[in-house]
Amino acid sequence: MDFLQYIPVLELLFFNLLTIDRCCHKKYSAKVTVLVLFLFSAAFFGISYHFAQQLSFRGDGRLSAGGFLFMIPMSFLYRERPPLLFTIICTCWTYTLGIMALSFQIGGLIAPGNVFYILAAESGLFLVTLFPFYQHVVPKYIFVIENLERFDRDWYKYIILNNSLNFLLLVVLNALFLADGSSFLRIIALAMLLALTYVSYFTLFQVVLSSIRLGQMEHIASHDPLTGLGNRKQLWDHLQGLLDADQTFSVLFMDLDRFKTINDQHGHMVGDLYLKYFAAVCSRILGNRGQIYRFGGDEFAAIYYGTVPQKVLDEVRECPRWDEGAPCPFRGVSVGVLRCQPPHQDVEQILRQADRIMYENKMRNAQRGGSTV
């Protein structure tokens, strides 16, 4: 068998490895990656010399199935887990095998069995499609696989199944077509199969992108943009969930003392940093026993699971963890605490009562030690 008949397969392998490398994250340097893949490729073709001799000219894709052995070195060279690496390989090989299948059909129309026409068609198709593939398909596919962790693990199963079936269908269809020779109808059928495959990838990209945007919108709707805490809506939903479950809990309603003086003396930028710093300090004090929300302005509310210990309440009031990283000295906070147990009032009544207790405490503090406005 003439060595030229191996060139289409070698070219296919080169673009396979190049495309997979673009989709994965390396563990080692480019030199190490190239060296390992080159040595493995040489060993692969050396061991399968007889089969390569038989299959390279036919181009029916059966040799590509043996290429799954490349998962062995790739598992060590790239950071992706084996299931994800497998679906990346299937995706990239669908592209390269599709190019080779079209090349054999085109070459077969011009001069059946002539490797020069096959190689020319394959090289031409790679030159025409490689840049659009890297520019439009690969980035979207990378986006999808990098954001799969946001979704249920079943997404992996569906994507692996989809990509595997696409690859298998292409191999089977190509083998059937080559058995009967070449024709324009077969070229059109292969091109349509590849087009439908990439339409499915673009559809998946749009689904993932839309899901992420929806999640971002939901996050924006339920979180305070300055402090990152849950907002009043999320507080309301959390309280309602505790009421529905007949849980015992406490509500802390907090209003920062003399906050207006911070804005007047230091400016609103420092005031914003003050709010963020208080939110962080209070969150650390409550730990996993409670959750703090920004109610609005310089007011915060927190849910504590069970009865608030006096030590925790004293820490919230005094903020002893206020350190040198703070934007300005701590001016104090007035706190109203309401213990809630079944049978519960409604959410509005609970918040109104906690706010009233806070306001009474604020007025008492003002009478004892000066203004807390």
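The values are calculated or read from the model by the stated rules, or taken from the named source; none is laboratory data. The structure presented is a predicted model; accordingly, all values stated were derived computationally and were not measured. Because the Cβ atoms are built from the backbone with ideal geometry, glycine has one as well, and the counts that use them run over all protein chains shown.
Evaluate the following for Ala121: is it crowded, with 23+ Cβ neighbours inside 10 Å and at pLDDT 80 or above? Against the criterion (crowded, with 23+ Cβ neighbours inside 10 Å and at pLDDT 80 or above), Ala121 does not qualify.
Here's the yes/no breakdown for (1) in contact with a strand residue (DSSP E or B) (Cβ under 6 Å, 6 or more places away or on another chain); (2) over 25 Å from Leu243 (Cα atoms); (3) at pLDDT below 95; (4) basic (Lys, Arg):
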residue: Gly287; (1), (2), (3), (4): no, no, yes, no
residue: Ile292; (1), (2), (3), (4): yes, no, no, no
residue: Glu299; (1), (2), (3), (4): yes, no, no, no
residue: Pro327; (1), (2), (3), (4): no, yes, yes, no
residue: Val337; (1), (2), (3), (4): yes, no, no, no
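Restricting Leu275, Leu209 to those that are among the aliphatic types (A, V, I, L, M) and in the same structural domain as Gly296 (by TED's automatic domain parsing) reduces the list to Leu275.
Does Leu226 count as in a loop (DSSP other than H, G, I, E, B) and either of a type in the set (A, V, I, L, M) or on the phi < 0 side of the Ramachandran plot (or both)?
Values: in a loop (DSSP other than H, G, I, E, B): yes; either of a type in the set (A, V, I, L, M) or on the phi < 0 side of the Ramachandran plot (or both): yes.
Considered against the rule, which asks whether it is in a loop (DSSP other than H, G, I, E, B) and either of a type in the set (A, V, I, L, M) or on the phi < 0 side of the Ramachandran plot (or both), Leu226 comes out as yes.
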